[in-house]
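Structure record follows, encoded as C-alpha cells.
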Amino acid sequence: MASPAFSHRACYVNFAEHLQNAWNPNMFFPGAPNVWAREDWRRFLAYIKACGFSCFEYWVAPTLFDRPALDGGGIYADFAATMRMVTEEAHALGLQTKFIAAVNTVGPGWYFACPHDPADKRLIRDLWAHWAGALAGTDIMGIFPGDPGGCNRNGCTHETFVELALELTDVITGANPGARIELGTWGTPFSGWGSDLWPMTGWDGTWKRIFETHDPGPETIHIWNGTPERAALAMEYLVERLSAFPEDMLVAINLGFDPDAGATMGGDARLWAREVAKLRPITTWDYSVAEGELITYPHWRLPRIAARRREERSAAPYAGGMSYTMSPKLNLLTLYAAGQLFLDPDADPDALSRSFCAQVFGEEHAVLGELFEAFEVVRGWGFYPRRAWSKAVLREKYREIIERLEAADTSGCALPLFPDPETYRQDLLWFARQFHALAGPDPDRAAIRGAFWRKALAIYDVIPMSADARADAAADGFASILAEDKGWAAPW
Ligand SMILES: [Zn+2]
C-alpha cells in the first residue's frame, strides 16, 4: 500500500458529561449504564486501527478536572486506571493515544479558572501535573484553549492563553517525560480567551452565570465573538512565541476560524496554518466535519470529509488531524470512511460507502452504501448535505433500507466491527424505522421522542443532568426530524 497521506490520524471520542448516550462510553458514573469493559476497549481500538487511524484521542472532561482528583481515589483514580489500560491496549496494537483538556475548565459545574488569580493559577498547574502524571504513557497531551473555558477576567487575553500553555508545557513534560505536546487553537482562535468571550460585568467565572445571563442559551454567544483582526493578533503572538515551545510540538489549526472551519467569525486560517507550519508540525481539529453534537443518528458526511482532507493537503503541509465522534458504537461507517480518507484523500467516498456495506452486509447489499445518505437530513452542527430530498423519496429510501437490513446476513462480515455486526444491524434498523415514520404522514412525535429517550438517553434517568443540559433538547430535536416541509429546493 502507498504511504499514508497523513501520518497523524486521530479518532477522537468525546465522552463528556453533556454528550452521554447509549453508543458512547460512560467514564464517570459508576453503577450507570454504558460502561465499557477491557474487552470492549480492545475491540474498539482494533476496529479504529482497521479503519486506518493511528491514534485514539480522549478528553479529560471537566468533571474529572477538579480538586478531588488531587486526593486520588474515586472516579478520578478509576478513570486514570481505565485510560492507562486503554493506552496499554492501544500500544499493543501499534496505536498512539492522546488526551486533551480544556486548559482552565474545572469541575462538573464548568468553572473557568483565571490564570491571573493566584489560587486559580495554582489549581490549574496542580491539575495538569496530576493528570499528566496519572495518565503517563499517553503519547500526546493536548492543551486545549476552551469551549467550555477561557477567561476575560483580570485582564486575561489571547496572549494569556499562549503564556499559560508555555508554562503548562513544562508542567506536563515534568510529570510525563517523553510526552509530545499538541497546542490547540480551536475556534476564532483561542476559544474563550479575552475578547472572544462575551463580556460580563462582575462575572464570577461560572458557567451558571453565563447561562443565566444569556438567554436563550450560551452556545451561540458566550464564545465565537472573535473577529479576523483579533485572529490576526492572536496568531501573530503565537507565531512570535512558538520558538519557546518544544520543537516537536504539534499545533492544531483548522482551515478557518469558525465552528465548521469556514471563513466567518475569525476568518480564513490558511495563511496562518502555512506560517505556523514553517515552525512546528500542524494538524487539524475540524470537529464537525464527520458528526455533529446533540442528536445521535447514523451520519453520512463522507463527501465533505473527503473534500476537507483534500483541501487540507492542498492548503498547507498538514501532518494530519482528528475525526470526532460522540457515538463510536453507532457511526461505524463514518469511522471507516474517515480513517480511510486520512490514508488516502483521493479515495472516492461513494465507493468507500459501498465497499463498507458490501464487507459488512454482503456484496448484494453494497447499495446500502448509497442509501445511507438518506439519514443525513438532521439540521445541526456541521450539516451541509450534498443533495436535496423530498419527504416522499426519503420515505422510499428508508423503506428500502429496512428491507435490505432485514434481509442482510452479517455472519460473513469482513471487518472487525465493534459492536458486533448483528447489534450494528439492529441499531441501523431501529433508526431506519424511526426515520420512516418521521417522513410519513402524521407521525406520533411524542411516542418517537419517548422511544429515542429510552434507546439513546436513558442514562440521564440515573445520572445528573450536565451543566449544559442538552438531553431534553436532543430528544425534542429527534422527534422534530423532517417536521417542517421546506419545499422542493431546500435540503432537509
Ligand atoms: Zn483571567
Overall dimensions of segment 246-395 as given by Cα atoms, namely Rg and Dmax in Å: 16.4, 57
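Using DSSP to define loop residues, name the chymotrypsin sites (Phe, Trp or Tyr not before Pro) in segment 169-246 whose beta-carbon has at most 13 other beta-carbon atoms within 10 Å. Before the final figure, lay out the partial values.
Numbers: sites: Trp186, Phe190, Trp193, Trp203, Trp207, Phe211, Trp224, Tyr237; in loops: Trp203, Trp224.
Listed in order of number, the matching sites amount to none.
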Distance (nanometres) between label positions extended 7 Å along Cα→Cβ at Asp461 and Asp409: 3.7
Relative contact order of the chain, pairs being alpha-carbon contacts under 8 Å that are 6 or more residues apart, as %: 17
Arg180 long-range amide H proximity, modeled H, under 5 Å: Ile140, Met141
Share, in percent, of DSSP beta bridges within the chain that are antiparallel, nearest 5: 10
The chain - Debye-derived log10 I(q)/I(0), Cα point model, q = 0.10, 0.14 Å⁻¹: -0.75, -1.53
Interchain or long-range residues, amide H under 5 Å from Ile282's placed H: Val251, Ala319
Radius, Kirkwood style, for segment 327-368 when every pair of distinct Cα atoms is counted (Å): 10.5
For segment 109-117, 3J(HN,Hα) per residue [Karplus equation, 6.51 cos²θ - 1.76 cosθ + 1.60, θ = phi - 60°, Hz, x = Gly/Pro]: x, 6, 7, 8, 5, 9, x, 8, 9
DSSP-loop chymotrypsin sites (Phe, Trp or Tyr not before Pro) across segment 406-489, with at most 10 other Cβ within 10 angstrom: Trp488
Per-residue ³J(HN,Hα) for segment 58-65, Karplus 6.51 cos²θ - 1.76 cosθ + 1.60, θ = phi - 60°, Hz, x for Gly and Pro: 9, 10, 7, 5, x, 3, 8, 8
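With +1 on each Lys and Arg Cβ and -1 on each Asp and Glu Cβ, and nothing else charged, work out how big the dipole of the chain is about its Cα centre, in Debye to the nearest 20. Spell out each step's value before the answer.
Working: 45 positive and 63 negative charges, 72 e Å.
Dipole magnitude for the chain comes out near 340 debye.
Could you please report the charge total around Phe29, scoring K, R as +1 and D, E as -1 over all other residues with beta-carbon less than 15 angstrom from its beta-carbon? If you can, show how the numbers build up before the last one.
On the way: positive: none; negative: Glu17, Asp66, Asp78, Asp461.
Neighbour charge sum, excluding Phe29 itself: -4.
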Interchain or long-range residues, amide H under 5 Å from Asn104's placed H: Gly150
Non-local Lys pairs in the chain, i.e. 8 or more apart or on different chains, that have alpha carbons under 27 Å apart: 12
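The numbers here are math on the coordinates, done by the rules we state, and not lab data. Everything numeric here is computed off the predicted structure, so don't read it as measured data. Quick reminder, even Gly has a Cβ in these numbers, built from the backbone with ideal geometry, and neighbours come from all protein chains shown.
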